[in-house]
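The values are calculated or read from the model by the stated rules, or taken from the named source; none is laboratory data. Everything numeric here is computed off the predicted structure, so don't read it as measured data. Glycine also receives a Cβ, built like all others from the backbone with ideal geometry; neighbour counts cover every protein chain displayed. The area values use the complete protein model at the heavy-atom level, side chains included, leaving out ligands, DNA and RNA. Shrake-Rupley method; radii C 1.70, N 1.55, O 1.52, S 1.80 Å.
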Amino acid sequence: MPTVIPVPDNWQSLFDDWDEIRNGYYAGDEDDAVRDCVRRLEAAAAAGDPALFWTLGLLMLSPYVAFGDPAPETGPLAVAALGRVAGEGDGTPCTHAWHPYEADVDDLLEHLPTCMDVLGSPRGRALDDLLPEDLLPGLPLDALGDEDAEPAHLTAPDILARWQCPRTAPGFARAALDYLGAPVA
(Lines give C-alpha, C1' and ligand atoms only; values in the text may rest on other atoms or scores of the structure.)
Protein backbone atom coordinates (compact mmCIF):
# COMPACT_ATOMS: atom_id res chain seq x y z
CA MET A 1 0.00 0.00 0.00
CA PRO A 2 1.50 3.38 -0.97
CA THR A 3 2.47 5.82 1.73
CA VAL A 4 1.45 9.49 1.92
CA ILE A 5 4.81 10.49 0.47
CA PRO A 6 7.13 7.96 -1.20
CA VAL A 7 9.63 6.65 1.33
CA PRO A 8 12.16 3.81 1.06
CA ASP A 9 11.58 0.63 3.05
CA ASN A 10 14.32 1.60 5.51
CA TRP A 11 13.08 5.17 5.94
CA GLN A 12 12.88 4.97 9.74
CA SER A 13 16.53 3.91 10.04
CA LEU A 14 17.69 6.66 7.67
CA PHE A 15 15.57 9.21 9.43
CA ASP A 16 16.92 8.17 12.84
CA ASP A 17 20.49 8.55 11.53
CA TRP A 18 19.74 12.02 10.15
CA ASP A 19 18.16 13.05 13.43
CA GLU A 20 21.24 11.81 15.34
CA ILE A 21 23.49 13.80 12.99
CA ARG A 22 21.32 16.89 13.44
CA ASN A 23 21.56 16.51 17.20
CA GLY A 24 25.33 15.85 17.12
CA TYR A 25 25.50 12.29 18.46
CA TYR A 26 25.75 10.12 15.35
CA ALA A 27 28.35 7.35 15.67
CA GLY A 28 28.94 6.92 11.92
CA ASP A 29 30.46 9.08 9.21
CA GLU A 30 28.29 12.18 8.86
CA ASP A 31 29.76 13.12 5.48
CA ASP A 32 28.92 9.67 4.07
CA ALA A 33 25.33 10.12 5.27
CA VAL A 34 25.08 13.53 3.57
CA ARG A 35 26.63 12.23 0.33
CA ASP A 36 24.29 9.21 0.38
CA CYS A 37 21.27 11.48 0.79
CA VAL A 38 22.52 13.69 -2.07
CA ARG A 39 22.98 10.65 -4.33
CA ARG A 40 19.51 9.35 -3.55
CA LEU A 41 17.94 12.77 -4.03
CA GLU A 42 19.60 13.14 -7.40
CA ALA A 43 18.62 9.60 -8.45
CA ALA A 44 14.99 10.21 -7.48
CA ALA A 45 14.93 13.52 -9.34
CA ALA A 46 16.60 12.01 -12.43
CA ALA A 47 14.02 9.22 -12.49
CA GLY A 48 11.19 11.73 -12.20
CA ASP A 49 10.26 10.33 -8.79
CA PRO A 50 9.07 12.54 -5.93
CA ALA A 51 12.06 13.85 -4.01
CA LEU A 52 10.37 15.16 -0.88
CA PHE A 53 11.74 12.50 1.50
CA TRP A 54 15.33 13.07 0.34
CA THR A 55 14.87 16.84 0.39
CA LEU A 56 13.66 16.57 3.99
CA GLY A 57 16.74 14.46 4.68
CA LEU A 58 19.03 17.20 3.45
CA LEU A 59 17.03 19.75 5.42
CA MET A 60 17.65 17.63 8.54
CA LEU A 61 21.34 17.37 7.68
CA SER A 62 21.68 21.11 7.05
CA PRO A 63 22.64 21.97 10.65
CA TYR A 64 25.60 19.58 10.38
CA VAL A 65 26.59 20.99 6.99
CA ALA A 66 26.26 24.56 8.25
CA PHE A 67 27.71 24.27 11.74
CA GLY A 68 29.47 20.91 12.03
CA ASP A 69 32.82 19.97 10.62
CA PRO A 70 31.94 18.60 7.17
CA ALA A 71 34.54 17.61 4.61
CA PRO A 72 35.23 20.43 2.13
CA GLU A 73 33.22 18.82 -0.68
CA THR A 74 30.16 17.96 1.46
CA GLY A 75 28.63 21.44 1.64
CA PRO A 76 28.91 22.20 -2.08
CA LEU A 77 27.40 18.78 -2.96
CA ALA A 78 24.41 19.42 -0.68
CA VAL A 79 23.97 22.99 -1.94
CA ALA A 80 24.10 21.87 -5.60
CA ALA A 81 21.52 19.11 -5.06
CA LEU A 82 19.23 21.41 -3.09
CA GLY A 83 19.62 24.09 -5.76
CA ARG A 84 18.41 21.72 -8.46
CA VAL A 85 15.34 20.76 -6.43
CA ALA A 86 14.65 24.38 -5.44
CA GLY A 87 14.38 25.32 -9.11
CA GLU A 88 11.68 22.76 -9.78
CA GLY A 89 8.01 23.46 -9.33
CA ASP A 90 8.18 27.23 -9.71
CA GLY A 91 5.79 27.18 -12.63
CA THR A 92 3.61 24.42 -11.25
CA PRO A 93 0.02 25.61 -10.89
CA CYS A 94 -1.18 25.43 -7.32
CA THR A 95 -4.24 26.71 -5.51
CA HIS A 96 -2.84 26.31 -1.99
CA ALA A 97 -2.40 29.53 -0.07
CA TRP A 98 -0.03 27.85 2.39
CA HIS A 99 2.53 25.00 2.38
CA PRO A 100 4.40 23.21 5.20
CA TYR A 101 7.77 24.68 4.16
CA GLU A 102 6.47 28.07 5.29
CA ALA A 103 6.67 26.95 8.92
CA ASP A 104 9.72 27.96 10.97
CA VAL A 105 12.61 25.67 9.94
CA ASP A 106 13.86 25.02 13.47
CA ASP A 107 10.33 24.19 14.63
CA LEU A 108 9.93 21.90 11.65
CA LEU A 109 13.20 20.10 12.35
CA GLU A 110 12.09 19.46 15.94
CA HIS A 111 8.66 18.27 14.81
CA LEU A 112 9.74 16.26 11.76
CA PRO A 113 9.89 12.88 13.57
CA THR A 114 6.18 13.24 14.37
CA CYS A 115 5.44 14.33 10.81
CA MET A 116 7.34 11.39 9.32
CA ASP A 117 5.35 8.89 11.37
CA VAL A 118 2.30 10.17 9.50
CA LEU A 119 3.89 10.85 6.11
CA GLY A 120 5.62 7.46 6.01
CA SER A 121 2.39 5.58 6.68
CA PRO A 122 -0.35 4.47 4.28
CA ARG A 123 -2.78 7.26 3.46
CA GLY A 124 -5.76 5.61 5.16
CA ARG A 125 -3.85 5.17 8.40
CA ALA A 126 -2.48 8.70 8.15
CA LEU A 127 -5.98 10.14 8.01
CA ASP A 128 -7.17 8.21 11.07
CA ASP A 129 -7.38 10.66 13.95
CA LEU A 130 -4.98 13.11 12.23
CA LEU A 131 -4.79 16.41 14.08
CA PRO A 132 -3.46 19.63 12.48
CA GLU A 133 -0.58 19.77 14.97
CA ASP A 134 0.59 16.34 13.75
CA LEU A 135 1.74 17.89 10.47
CA LEU A 136 1.82 21.62 11.16
CA PRO A 137 4.83 22.07 13.43
CA GLY A 138 5.03 24.96 15.79
CA LEU A 139 2.12 26.69 14.18
CA PRO A 140 -0.03 28.57 16.66
CA LEU A 141 -3.29 27.98 14.85
CA ASP A 142 -5.31 29.95 17.39
CA ALA A 143 -3.00 32.96 17.03
CA LEU A 144 -3.62 33.42 13.32
CA GLY A 145 -6.57 35.69 14.03
CA ASP A 146 -8.35 35.07 10.74
CA GLU A 147 -10.36 31.88 10.95
CA ASP A 148 -10.73 31.84 7.16
CA ALA A 149 -6.96 31.97 6.55
CA GLU A 150 -4.93 28.90 5.75
CA PRO A 151 -3.71 26.90 7.58
CA ALA A 152 -6.15 27.56 10.44
CA HIS A 153 -9.11 25.85 8.77
CA LEU A 154 -7.40 22.92 7.05
CA THR A 155 -8.87 19.44 7.34
CA ALA A 156 -6.69 16.32 7.52
CA PRO A 157 -6.96 15.68 3.74
CA ASP A 158 -6.14 19.37 3.12
CA ILE A 159 -3.02 19.10 5.25
CA LEU A 160 -1.85 15.96 3.46
CA ALA A 161 -2.51 17.65 0.09
CA ARG A 162 -0.12 20.45 1.08
CA TRP A 163 2.60 17.93 1.91
CA GLN A 164 2.01 16.16 -1.43
CA CYS A 165 1.94 19.37 -3.49
CA PRO A 166 4.62 19.57 -6.23
CA ARG A 167 5.76 22.89 -4.73
CA THR A 168 6.55 21.38 -1.31
CA ALA A 169 9.90 19.71 -2.10
CA PRO A 170 11.24 22.83 -3.88
CA GLY A 171 10.04 24.94 -0.96
CA PHE A 172 11.86 22.77 1.56
CA ALA A 173 14.96 22.84 -0.66
CA ARG A 174 14.85 26.65 -0.63
CA ALA A 175 14.41 26.58 3.16
CA ALA A 176 17.49 24.33 3.49
CA LEU A 177 19.50 26.61 1.20
CA ASP A 178 18.47 29.59 3.28
CA TYR A 179 19.49 27.70 6.43
CA LEU A 180 22.88 27.05 4.83
CA GLY A 181 23.24 30.70 3.83
CA ALA A 182 23.41 29.65 0.17
CA PRO A 183 21.85 31.76 -2.56
CA VAL A 184 18.60 30.53 -4.00
CA ALA A 185 18.68 30.92 -7.77
- Would you be able to tell me the number of residues in segment 2-33 that are on the phi < 0 side of the Ramachandran plot and not in a helix (DSSP H, G or I)? 14
- Message: Looking for something modelled with pLDDT of 90 or more, within 30 Å of Val79 (Cβ to Cβ), open to solvent by less than 70 Å² (accessible area, probe 1.4 Å) and touching a His at 6+ places or on another chain (Cβ under 8 Å) - is there at least one such residue anywhere in segment 169-177?
- Response: yes
- Item | Residue count, segment 99-130 (criterion: out of contact with any helix residue (DSSP H, G or I) (no Cβ under 6 Å at 6 or more places or on another chain) and either modelled with pLDDT under 80 or part of a loop (DSSP other than H, G, I, E, B) (or both)) | 8
- Item | Matching option when the condition is at pLDDT below 80 and either open to solvent by less than 40 Å² (accessible area, probe 1.4 Å) or closer than 25 Å to Ile21 by Cβ (or both), among Leu82, Leu136 | Leu136
- Note on the structure: When Ser62 is run through (1) open to solvent by less than 10 Å² (accessible area, probe 1.4 Å); (2) touching a Pro at 6+ places or on another chain (Cβ under 8 Å), the failure sits at (2)
- Note on the structure: Within segment 102-128, the residues that are among the small types (Gly, Ala, Ser) and surrounded by 13 or more Cβ atoms within 10 Å (Cβ to Cβ) are Ala103, Gly120, Ser121, Ala126
- Message: Return the residues of segment 34-52 that are within 21 Å of Gly120 (Cβ to Cβ), basic (Lys, Arg) and either part of a loop (DSSP other than H, G, I, E, B) or touching a residue at least 12 places away in the same chain (Cβ under 8 Å) (or both); say none if nothing qualifies.
- Response: Arg40
